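No lab work stands behind these numbers, since they all come straight from the coordinates. Just so it is clear, the model here is predicted, and its values are computed rather than measured.
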Amino acid sequence: MYRAFYGLAEMPFNMTPDPRFLYLTAGHREALAQLTYAVREGKGFMALTGDVGTGKTTLLRALLEQLDGNTAAAVVVNSTLPFDGILEYVLEDFGVSKQGATRAQRLVALNSFLIERHRAGQKSVIVIDEAQHLDPATLEQIRLLSNFQTTREMLQILLAGQPELRARLELPELRALKQRIAFRCSIRPLTPDEVRAYVRFRLRVAGGRDLDLFTDQALARIAKYSDGIPRVVNALADHALLIGYAEQRRRLNRDTVDEAIGYLEDGAPPPHRRTRNGASRRRMASRWAGAGATAVLGVGAAAVAVAALGWKHLAVPLAAQLESLVQAARALFW
């Protein structure tokens, strides 16, 4: 809606995880480098953790884009599945056609797939997002998949989740899994300076030429309210741009951001905004009502005059115009 007004080629603050919009802080860059290295070098288990909305899924997609065609990846996004469901999902994602009907048969099918790829010099990786939802029994079954090995790791497994995943891995019954994790990465919220750079970066990727749409005060307010969580920054910046477009503001200040916060928290404009817009609508309605009344009287008088002269073929279309004006007035003010 506001793209043309602000000179943008696409929406800059969508919620969908798009690797093109991944802003690499030092922490994001380090995590991506470590995970890429671990997959390429066959390091076995990896863990990625971060708070809700910090960009874990976007980072995972960036990782998958960096892998070459020599690496097959199965991505599990529904971590509430039991182990058998996860196993079935993985086989389907790997493209294994003959999976079998029992767990044993599916494990044999997975083992055969991994051996075949390993002999061809190819790698395989399983990525499980939102892994903090996995119960200890399922995590232990996933660990046992790593037993499908030769002298080198045939399967890499990446667990990504919220900080609760770290706590789960500390459980005594999962100490064997904890020992197998070769790389642990975490990403943190953005600092205020990173929020400023993040907003400008996304505007640039979206095709914007004016990267100063938000004033310094507006960006500081976004950083404070969002606590540096990119997902919240996206929602707030998107609402602010929409409000700015509605009020034809080329620069978005702190007041605009405060109005956007009102929308996010209450689902309605702040009282001062409703009062101002309400008064504006009443003034506009008064002007249109006066203009509409004048038009209606003018058309009505013309219709009466035409009918008196006997020009019936002209009186009909004029009456139709009169009816259209009445209907338009009803639509606007009633």
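Scan around ILE181 for amide H atoms under 5 Å from its own, H built in the peptide plane at 1.01 Å from N, and keep only partners 5 or more places away or cross-chain.
It is none; the list stays empty.
Let a ≥ b ≥ c be the square roots of the eigenvalues of the Cα gyration tensor of segment 50-89; is it rounded (a/c under 1.5), or, if not, prolate (a/b larger than b/c) or oblate? Each step should come with its number before you reach the end.
Details: a/c = 4.42, a/b = 1.13, b/c = 3.93.
It comes out oblate by the Cα gyration axes.
Which of the three applies to segment 31-148, rounded, prolate or oblate, going by the alpha-carbon gyration tensor with a ≥ b ≥ c and a/c under 1.5 meaning rounded? If you can, show how the numbers build up before the last one.
Values: a/c = 1.89, a/b = 1.19, b/c = 1.58.
Taking the square roots of the gyration eigenvalues as a ≥ b ≥ c, segment 31-148 is oblate.
Going by amide H atoms built from the backbone, whose H comes under 5 Å of the H on LEU252, apart from near neighbours?
PHE214, THR215
For LYS43, which aspartates and glutamates qualify as cross-link partners when the Cα separation must be under 17 Å and same-chain residues fewer than eight apart are set aside?
Straight-distance partners of LYS43: GLU30, ASP68, GLU153.
Go through segment 128-133 residue by residue and turn each phi into a ³J(HN,Hα) via Karplus (6.51, -1.76, 1.60, θ = phi - 60°); whole Hz please, and just put x for glycine and proline.
10, 8, 6, 5, 5, 7
Could you go through segment 251-264 in sequence order and give the Karplus-derived ³J(HN,Hα) for each residue, using 6.51 cos²θ - 1.76 cosθ + 1.60 with θ = phi - 60°, rounded to whole Hz, and x for Gly and Pro?
10, 9, 9, 4, 4, 5, 5, 4, 5, 5, 4, x, 5, 5
With a/c under 1.5 counting as rounded, go ahead and sort segment 112-206 into rounded, prolate or oblate using the C-alpha gyration tensor (a ≥ b ≥ c being the square roots of the eigenvalues; past the cut-off, prolate if a/b is larger than b/c, else oblate).
Working: a/c = 3.12, a/b = 1.55, b/c = 2.02.
Here segment 112-206 falls in the oblate category.
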